[in-house]
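S.K.: Structure below; questions to follow.
The values are calculated or read from the model by the stated rules, or taken from the named source; none is laboratory data. Because the structure is a prediction, the values reported are computed rather than measured. Glycine gets a Cβ as well: all are built from the backbone with ideal geometry, and neighbour counts include every protein chain shown.
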Amino acid sequence: MNGDLAGAVSADDLSIRNNTEIHRFEAVVPNGDVVGYLVYDPVPRQDAGGKGMFVVVRTVVDPEVEGSGVAALLTRTALDHAREQHLTVIPECSYARAFIDQHPEYQDLLP
């Protein structure tokens with residue numbers, strides 16, 4: 001992450017990409033710098049009828065953009081991805097756990 005960010009970052013300035021090679025969603029500003037990321041661990045189905053799991057390991061945001069909604073956008077994007085893939089979410093990350101607690105529309109993703 002870049003420690004030389006000028007000014008505040010808003011959610012409108014960000015794009016979120018799923019970097020599947022290293023299992024993380026990344027918040028990227030227009031110049032290409034990553035200003036936050038959410039690390040996940042995909043756990044495949046154990047049987048034909050079971051659901052795979054999506055373990056949210058941690059969320060990291062550049063201190064210069066804390067409080068600007070980066071973590072919320074990363075978490076919402078990751079949870080929406082888990083829903084689209086029919087995965088059960090295991091929020092090991094305290095931020096993701098609190099986010100789900102505060103957003104009942106994501107409760108159905110929990111085991």
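S.K.: Would you please name the residue that is farthest from Y37 (Cα to Cα), looking only at residues in the stretch 61-111 that are small (G, A, S) and touching a Phe, Trp or Tyr at 6+ places or on another chain (Cβ under 6 Å)?
M.R.: Here the residue is A82.
S.K.: Here is a further query. Within the stretch 19-31, which residues are in contact with a Lys or Arg (Cβ under 8 Å, 6 or more places away or on another chain) and under 15 Å from H81 (Cα atoms)?
M.R.: Of everything in the stretch 19-31, those that are in contact with a Lys or Arg (Cβ under 8 Å, 6 or more places away or on another chain) and under 15 Å from H81 (Cα atoms) turn out to be F25, E26.
S.K.: Here is a follow-up. Starting from the stretch 62-76, take each residue that is closer than 11 Å to A27 by Cα and list its partners that are part of a helix (DSSP H, G or I) and at pLDDT 90 or above, counting only C-beta distances under 6 angstrom and pairs at least six apart or across chains.
M.R.: The qualifying pairs are A71/Y95; T75/A96; T75/F99.
S.K.: Assess whether L79 counts as being at pLDDT 95 or above, within 18 Å of D108 (Cβ to Cβ) and either crowded, with 22+ Cβ neighbours inside 10 Å or touching a His at 6+ places or on another chain (Cβ under 8 Å) (or both).
M.R.: yes
S.K.: Do you know which of the residues in the stretch 37-68 that are at pLDDT 90 or above and polar (S, T, N, Q) is surrounded by the most Cβ atoms within 10 Å (Cβ to Cβ)?
M.R.: T59
S.K.: Now for a different question. What are the residues in the stretch 21-36 that are among the hydrophobic types (A, V, I, L, M, F, W, C), surrounded by 16 or more Cβ atoms within 10 Å (Cβ to Cβ) and within 15 Å of the chain's Cα centre (by Cα), if any?
M.R.: Within the stretch 21-36, F25, A27, V28, V34, V35 meet the criteria.
S.K.: Go through the stretch 82-96 and give me each residue that's part of a helix (DSSP H, G or I) and crowded, with 16+ Cβ neighbours inside 10 Å.
M.R.: Those that are part of a helix (DSSP H, G or I) and crowded, with 16+ Cβ neighbours inside 10 Å: A82, Y95, A96.
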